[in-house]
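Q: Handing you this structure, nothing more for now.
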Amino acid sequence: MRMLGLLAAVLAAMLTLTACGSGGDDDDEPTTAATPTASPTPEETQSPVSVSDLARSVVQIQALSGGDAVWWGSGTIVSADGLILTNAHVIDNRFGEYDTLAIAITHETDEAPETEYIAEIVAVDFALDLAVVQITELIGGGSAPRDFPFVRLGDSDALEIGDDIRILGYPGIGGETITFTNGSVSGFTAERSVGNRAWIKTDATIAGGNSGGLAINDDGELIGVPTIVGSGAGAETGYVDCRVLEDTNNDGFLDDRDTCGTVGGFINGLRPVGLATDMIAAAEAGEAYVSPYYEGEFVDVPGDFDASAVDLSNLLFSTGVTADDEPTEVLALIPSNPARVCGFWDYEGMQDGMTWDALWYLDGELSEDASVFADTWVGGATGNWWVCVLDEEFGLPDGLYELVLQIEGDLAGSDAIHVSDERQLIELDIVNESSVEICGVWASPAGAQNWGFEDLGPTVTVPPGDFWPLFIAAGTYDLLMYDCGSNTLVEEYGVDLFDDTGYTVTDTGFQ
């Protein structure tokens with residue numbers, strides 16, 4: 001029996017990290033004099049491009065309480081005076097869980113980083129899950145240096161699908177040393193108020209703990225920050241860092257002597273560094289930063305949210321978004337090879353800080369590259385929202401596109417649309433020859449995971465002796481109909497609807 005809920009579980013594939021590094025010095029003296037070279041400029045000295053030098057610019061950020069590590073994440077030094085770009089959740093202390101933000105530096109890539117500095121938060125954007133912290137002093141007291149190696153900012157807008165990227169960070173899997181991973185750009189995801197490149201999707205295997213770390217292009221420039229949670233155990237938490245969860249050395253204490261455990265599964269997306277440039281500029285100038293992506297006020301302390309009052313409705317599809325966040329046109333069937341497919345919906349009862357997911361399925365298979373996992377809601381209590389899946393270079397393939405919306409991990413709504421030139425729109429007349437009023441109709445494509453939103457809408461019913469037309473793409477459908485007391489009148493599967501037709505409901509069944 002088909003359920004009014006999400007039927008397909010997302011199975012996570014456990015991927016193997018690829019790590020490399022080098023350590024040690026060559027103490028052999030040269031037998032000939034070295035050839036003189038030009039002295040490096042300050043920019044060349046401070047902006048590393050080799051993996052070993054980059055490793056010294058990718059730091060481990062440790063949240064300490066009473067000297068013990070509560071969790072850690074990664075960050076990248078982006079200026080010689082010690083500004084570090086990371087994720088907001090890595091340094092988020094709204095629960096008061098830590099008292100010191102410590103910075104550990106890698107000196108040899110085959111050795112664990114050394115905790116050397118104290119840092120302070122100077123800018124946060126919870127809407128983007130990005131933050132900037134400043135190294136302020138040595139752990140034991142005293143001024144911090146102002147000649148840190150740092151990574152140049154690249155142009156994330158210049159990235160194309162297939163471009164190579166490299167990831168560095170501290171995953172907490174297989175030891176405490178820094179990890180290097182290769183991958184490529186696999187796509188981009190749009191997000192309302194942020195734009196078409198709200199996320200860079202990657203096929204690189206990025207484990208939790210790398211969150212806030214470094215993604216570089218072939219020129220060694222920072223182009224993205226590993227941020228978003230992909231599928232996997234713990235993905236519903238929204239966190240991708242490394243926390244001490246058990247007494248691994250059996251000394252009776254949970255502290256930094258224990259091996260941390262990864263929280264949040266694998267990351268499959270990067271925040272483009274272009275979204276962080278204003279935040280970094282404000283931090284460098286010593287100015288307050290105000291997020292341009294969110295106009296409201298975040299709750300001071302996040303907490304558990306009750307999603308029972310949330311109401312999502314009126315899910316529509318289009319191939320574009322207007323300047324005022326409306327669909328360019330509402331479609332029931334999308335022609336082949338669109339650059340994008342966008343879903344729009346109305347909402348009530350939302351609370352900023354809630355966790356939400358927008359899962360895109362193509363012909364029943366979850367598309368991780370297109371989906372948004374465990375994002376933080378910033379849209380206020382009431383309004384409308386949209387998400388898009390796009391491929392502006394080659395166009396999207398034909399198939400059944402289903403958008404599944406989840407709030408706090410629970411199904412909140414879904415619907416599906418066909419992309420095809422080989423299908424046509426047909427009229428399906430729901431004819432009521434029964435003695436009761438029809439108040440609910442679902443005509444769901446047979447390949448969809450869920451029934452989707454009800455098709456009559458909140459104000460339409462079909463009284464006895466009347467009919468109501470639905471306009472759908474030709475295909476095979478599952479049909480469900482209720483009376484006004486939520487009693488099932490029709491539940492039929494695999495109904496072929498390829499031409500204009502009527503579907504008649506009687507007291508004894510349907511025809």
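The values are calculated or read from the model by the stated rules, or taken from the named source; none is laboratory data. What you see is a predicted model; the values in this text were computed from it and never measured. Here the Cβ positions follow ideal geometry from the backbone for every residue, glycine too, while neighbour counts run over all protein chains shown.
Q: Kindly state which strands (runs of 3 or more DSSP E) lie completely within the stretch 304-397 and contain at least 2 residues that are crowded, with 20+ Cβ neighbours inside 10 Å and of a type in the set (Ser, Thr, Tyr).
A: 355-362
Q: Moving on to the next point. Test ILE472 against the stated conditions and say whether it is closer than 30 Å to ALA309 by Cα and in contact (Cβ under 8 Å) with a residue 60 or more places away in the chain.
A: For ILE472, the condition - closer than 30 Å to ALA309 by Cα and in contact (Cβ under 8 Å) with a residue 60 or more places away in the chain - is not met.
Q: Considering only the stretch 80-95, I want to know if a residue exists there that is of a type outside the set (Lys, Arg), over 22 Å from the mean Cα position of the chain (by Cα) and crowded, with 21+ Cβ neighbours inside 10 Å.
A: Taking the stretch 80-95 and keeping what is of a type outside the set (Lys, Arg), we get 80-93, 95.
Then drop every residue that is not over 22 Å from the mean Cα position of the chain (by Cα), which leaves 80-83, 95.
Narrowing further to those that are crowded, with 21+ Cβ neighbours inside 10 Å: 82-83.
Checking the stretch 80-95: at least one residue is of a type outside the set (Lys, Arg), over 22 Å from the mean Cα position of the chain (by Cα) and crowded, with 21+ Cβ neighbours inside 10 Å.
Q: Please give the number of the condition GLU287 fails out of (1) at pLDDT 90 or above; (2) within 30 Å of THR459 (Cα to Cα); (3) assigned to a loop (DSSP other than H, G, I, E, B).
A: So the condition that GLU287 fails would be (2).
Q: Is the stretch 63-73 home to any residue that is more than 18 Å from LEU138 (Cα to Cα), in contact with a strand residue (DSSP E or B) (Cβ under 6 Å, 6 or more places away or on another chain) and not aromatic (Phe, Trp, Tyr)?
A: Yes, the stretch 63-73 contains a residue that is more than 18 Å from LEU138 (Cα to Cα), in contact with a strand residue (DSSP E or B) (Cβ under 6 Å, 6 or more places away or on another chain) and not aromatic (Phe, Trp, Tyr).
Q: If I ask for residues that are over 15 Å from GLY274 (Cβ atoms), of a type outside the set (Lys, Arg) and at pLDDT 80 or above, which ones from the stretch 184-226 would you list?
A: SER184, SER186, GLY187, THR202, ASP203, GLY213, LEU214, ASP218, ASP219, GLY220, PRO226
Q: Could you identify the single residue in GLY379, GLY349, GLY395 that is free of Cβ contacts under 8 Å to residues at least 60 places away in the same chain and within 21 Å of LEU312 (Cα to Cα)?
A: GLY349
Q: Right, another one. I'm checking my understanding of the structure. Among residues of the stretch 101-144 that are part of a strand (DSSP E or B) and touching a Pro at 6+ places or on another chain (Cβ under 6 Å), which one is nearest to ILE91 (Cα to Cα)? First the steps, then the outcome.
A: Just the residues of the stretch 101-144 that are part of a strand (DSSP E or B), to begin with: 101-105, 114-125, 130-138, 143.
With the extra rule that they be touching a Pro at 6+ places or on another chain (Cβ under 6 Å), the set shrinks to 104-105.
Values: ALA104: 14, ILE105: 17 Å.
Step by step, filter the stretch 101-144, then rank; the result is ALA104.
Q: Which fully enclosed helices (runs of 4 or more DSSP H) of the stretch 23-95 have 1 or more residues being at pLDDT below 50?
A: Qualifying helices (runs of 4 or more DSSP H): 42-46.
Q: So, one more: Within the stretch 426-433, is there a residue that is polar (S, T, N, Q) and out of contact with any Cys (no Cβ under 7 Å at 6 or more places or on another chain)?
A: yes
Q: Given the options ILE77, ILE105, name the one that is closer than 16 Å to ILE61 by Cα and either in contact with an Asp or Glu (Cβ under 6 Å, 6 or more places away or on another chain) or in the same structural domain as LEU390 (by TED's automatic domain parsing) (or both).
A: ILE105
Q: Can you tell me which residue within the stretch 134-168, out of those that are of a type in the set (Asp, Glu) and touching a residue at least 60 places away in the same chain (Cβ under 8 Å), is farthest from ALA123 (Cα to Cα)?
A: GLU160
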